[in-house]
1. Using the charge dipole of the chain (Lys, Arg: +1 at Cβ; Asp, Glu: -1 at Cβ; taken about the Cα centre), state which of ASN19, ASN60, GLY97 has its Cα farthest towards the positive end.
2. Sorted by average packing, counted as other Cβ atoms within 10 angstrom per residue and highest first, what order do 75-87, 29-41 take?
3. Tell me the angle of helix 86-95 to the major Cα principal axis of the chain, expressed in degrees between 0 and 90 and rounded to the nearest ten.
4. Relative to a virtual label point 7 Å from the Cα of ASN60 in the Cα→beta-carbon direction, which members of the range 26-42 show backbone nitrogen distances below 19 Å?
5. Just how far, in whole angstrom, is the range 7-48 from the range 114-135 if you go by their alpha carbon centroids?
6. Report, in deg cm²/dmol and to the nearest 500, the calculated mean residue ellipticity at 222 nm for the chain, where each DSSP H run with n ≥ 4 adds -39500 (n - 2.57) and the sum is divided by the residue count.
7. What fraction of the DSSP beta bridges in the range 52-135 is antiparallel, stated in percent and rounded to the nearest 5?
8. Among the listed pairs LYS32/LYS67; LYS13/LYS94; LYS23/LYS112; LYS67/LYS106; LYS24/LYS94; LYS4/LYS106, give every one whose C-alpha distance is greater than 30 Å.
Amino acid sequence: MIQKIEHIGIAVKDLNHSNELFKKLFGKDHYKVEAVESEGVSTSFFMLGETKIELLQATNEESAIAKFIDKKGEGIHHIAYAVDNINSEMERLKAEGFEILNKEPKYGADNKLICFLHPKSTNGILVELCQERDT
Ligand code: CMX
C-alpha cells in the first residue's frame, strides 16, 4: 500500500551551493549527505516535519540527473512514495498498466529499497517507490 510522500527529489547542478541555498530557505541544515554510486548521484537530505527533501547532483555524465538537467534544467526530478511492501506494490502497479523501470527493487539512498515508474505512464512525473530496509 502507498502510505505517504516519503520525499521529493530535486535535481541540482552543485550540491554544496544548493545545500547552502536550501539551508537559508528552510532555516535548518541537511541531516545527511550520501553518494549512491550505482545511480551516479550524490545526495543530501533535509527533514521538514514528516517529509524529506532530497537534493541530487550527478556524479557522472551517464547519470539520470545529468540527462535530466541537460534537457530540463534544475528542478523537481521525482516524487517518492513510502510503501509497506515494495514487491507487492510493483506487482499491483504493473497489473494496473504502469511501466515499472526495475525488474527488482534496488538499493537507494537513506537506507531504502527503491524502484521507479516511467514518467510517460504517470502523467509526466517520475515516481519512486521506497521501502525502509531492515537494518
Ligand atoms: N521527470 C519527468 N520526465 C522525465 C524525467 C523526470 N525525472 N526524466 C526524463 N523524463 C522525460 C524526458 O524528458 C523524455 O520526455 P520526451 O520524450 O517528452 O522528451 C521522456 O521522459 C523519456 O526520456 P528518455 O530520453 O527516453 O529517457 P531518459 O534516458 O531521459 O530516462 C528515465 C528517463 C525516467 C527512464 C530515467 O531517468 C530513469 O530510469 N530514471 C530512474 C532512475 C533515476 O532517476 N535515478 C536517479 C535518482 C536516484 C535516487 O533517487 O537516488
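1. It is ASN19, whose Cα lies furthest towards the positive end.
2. Going from most to least packed, we get 75-87, 29-41.
3. With rounding to tens, the tilt is 60 degrees.
4. 34-42
5. Computed from Cα coordinates, the inter-centre distance equals 19 Å.
6. The per-residue figure over the chain is -7000 deg cm²/dmol.
7. Here the antiparallel bridges make up roughly 70 percent for the range 52-135.
8. Check vs 30 Å cut-off fails for LYS13/LYS94; LYS24/LYS94.
The values are calculated or read from the model by the stated rules, or taken from the named source; none is laboratory data. These numbers were taken from a predicted model, which means no experiment stands behind them. Cβ sites come from the backbone with ideal geometry, for glycine too, and all protein chains shown count toward neighbours. Surface accessibility is based on the protein's heavy atoms, side chains included, excluding ligands, DNA and RNA. Shrake-Rupley method; radii C 1.70, N 1.55, O 1.52, S 1.80 Å.
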